[in-house]
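Below is one structure; the comments refer to it alone.
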Amino acid sequence: MTDEQRRKDEAEIRALIADWSRAIEAKDAAAAVAAYTPETVLYDAIPPHRTVGADAVRRLWEQIFPHFPQKFRSEHRDLVVEVDGDVAFVHGMHHFVPEPADHPCGATWMRVTACFRRHPEGWRIAHEHVSLPFDPMTGRASFITEF
């Protein structure tokens, strides 16, 4: 794989992530899962913790959106995109920036890892993992308010 192709693939994947953020901010569940495969596996920080398929992830977002404020931003930090052939891995931090600022959806940063696979129609998310740091002594989430 050439460096030029790697840069092009990384740019495409970063654009998909930006599209995802805009879809979440618009509370558009269908657009949020546009880059997911029908067999995508999501391990999430909220129940049911394991969700399989783009349609199931879409339904999960539809259940979550009513609990979000009218206005909020989706923010990623320190995203690393590693591309090798037909597979790419992305990892970094994510959180929501709500208005008003004290809304619970913005309480912490989450760790996110995603595996993308190249398909004939473009890069698609095959696996995603979202987690919160936790205290191993109590099993409770440890909130990270600044990153």
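Each value in this text was obtained by applying a stated rule to the coordinates, not by laboratory testing. Note that the structure is a prediction, hence the values are computed from the model and not measured. Here the Cβ positions follow ideal geometry from the backbone for every residue, glycine too, while neighbour counts run over all protein chains shown.
Taking the Cα centre of the chain as the origin and placing charges on Cβ (Lys, Arg +1; Asp, Glu -1), which of G53, W109, H94 is farthest toward the positive end of the dipole?
Farthest towards the positive pole: G53.
Roughly what would the spin-label model give for S131 and D86, points 7 Å off Cα along C-beta, in nm?
About 2.9 nm separates the two model spin labels.
Multiply the residue gap between H49 and Q70 by 0.36 nm, knock off their C-alpha separation, and tell me the result in nm, one decimal place.
On the way: separation 21, 0.36 × 21 = 7.56 nm, distance 2.52 nm.
That pair, H49 and Q70, stretches by 5.0 nm at full extension.
Where does each of K27, K71 land when they are ranked from fewest to most other beta-carbon atoms within 10 angstrom?
Details: K27 16, K71 11.
Ranking K27, K71 by Cβ neighbours within 10 Å, fewest first, gives K71, K27.
Two-decimal Rg/Rh of segment 45-100 from alpha-carbon positions, Kirkwood Rh? The partial results should precede the final answer.
Values: Rg = 14.5 Å, Rh = 13.8 Å.
Answer for segment 45-100: 1.05.
For every helix of n ≥ 4 consecutive DSSP H residues, a contribution of -39,500 (n - 2.57) applies; sum these over the chain, divide by its total residues, and give [θ] at 222 nm rounded to the nearest 500 deg cm²/dmol.
Numbers: 3 runs with 38 residues, N = 147.
It lands at -8000 deg cm²/dmol.
Can you grab the distance from the C-alpha centre of segment 4-25 to the C-alpha centre of segment 36-92, Å, no decimals?
Here the answer is 14 Å between Cα centres.
Calculate the dipole size of segment 3-131 relative to its Cα centre from +1 charges on Lys and Arg beta carbons and -1 charges on Asp and Glu beta carbons; express the result in debye to the nearest 20.
Roughly 220 debye for segment 3-131.
Give the angle, between 0 and 90 degrees and rounded to the nearest 10, that separates the Cα long axis of helix 3-25 from the longest principal axis of the Cα atoms of the chain.
Approximately 30 degrees, to the nearest ten.
For the pair K27 and Q63, how long in nm is the line joining their label points, each one 7 Å along Cα→Cβ?
So the label points at K27 and Q63 sit 1.8 nm apart.
Would you kindly give the portion of the calculated P(r) for the chain that falls above 27 Å, as a percent of all Cα pairs? Walk me through the numbers on the way to the answer.
Values: 2315 of 10731 pairs.
Pairs farther apart than 27 Å: 22 percent.
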